[in-house]
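No lab work stands behind these numbers, since they all come straight from the coordinates. Treat the numbers as computed from the prediction; the structure is a model and nothing was measured. Methodologically, a virtual Cβ is constructed for each residue, glycine included, from the backbone with ideal geometry; neighbour enumeration extends over all protein chains shown.
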Amino acid sequence: YENGLLRLRGRGDGAAAYAQRVTTLPGSWDFDHNGSPERVDLVAVDGEVPWYWLMVLGGEGELLWEEEAYAVHSGYRSIFACSLEGEDYLLEYYPTMYQGCATYAYELFSLDTAGNPVTEQEGSVSFDLNWGSPSHQPFDGEAVADFMDEVNGLLAQGRLLLTTDPALEGIDPDHPRDDLWWLQDGTGGYVYDPDLTLRENLLALEGFAED
């Protein structure tokens, strides 16, 4: 650190690139399960494309784990801290959709003593909303609903650390939940029913797609 700024050697536009904001996020975590707390710092870097650097730091300030995130499609990242049965984990969630084709995936992991990810749980589901396309596969509302139950069950036990993904724009950082933006905004022609649960809407979407 120099005068409250973080010097990023070898990153950005040469060695003189500087982060303008370094924030220690609220919370005390033990992602490597060694009994000692870690802190999480978020660095926001200026540039033509906003760039972020999430760091998990040990008790002596040593870097244990890091992830970069950008406000462009290839660099979207969403990272959460989750506490499950008294243990802390990191959750990376990728709700990816491109031209109506989607793969939603997540990985829940801890860190080993060297800071390497140790996967605890993971899952994914793929689907597309291009009803009229000759390559369209039948929409499985039950599979998507099961996946979302898994993800939202984990999110309910965590908080948001960082997202650059507009798919999660407006998510509550302290009570995160994904209600599927595309299901609610009329993508694919389906009209979302607020009186139904997320699962019921996904099953209704399946019926709509089959008509």
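Can you give the calculated 222 nm mean residue ellipticity of the chain, where each DSSP H run of n ≥ 4 adds -39,500 (n - 2.57) and the sum is split over every residue, rounded to the nearest 500 deg cm²/dmol? Could the numbers behind the result be given before it?
Details: 3 runs with 32 residues, N = 211.
Computed ellipticity for the chain at 222 nm equals -4500 deg cm²/dmol.
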Starting from the 7 Å offset along Cα-to-Cβ, what nm value, one decimal, do you get for the label separation of residue 33 and residue 57? 2.6 nm
Once you put a point 7 Å from the Cα of residue 130 and another 7 Å from the Cα of residue 101, both along the Cβ direction, what distance in nm separates them? 0.6 nm
Computed over region 107-210, the relative contact order (Cα-Cα under 8 Å, seq sep at least six) in percent reads 23 percent
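Using R₀ = 25 Å, calculate the FRET efficiency as 1/(1 + (r/R₀)^6) where r is the Cβ-Cβ separation of residue 172 and residue 92; round to 0.05.
0.85
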Evaluate the relative contact order of the chain (contact order divided by residue number), counting alpha-carbon pairs under 8 angstrom at least 6 apart; express in whole percent. 14 percent
With the convex hull built on the Cα atoms of the chain, state its orientation-averaged projected area in nm². 13.7 nm²
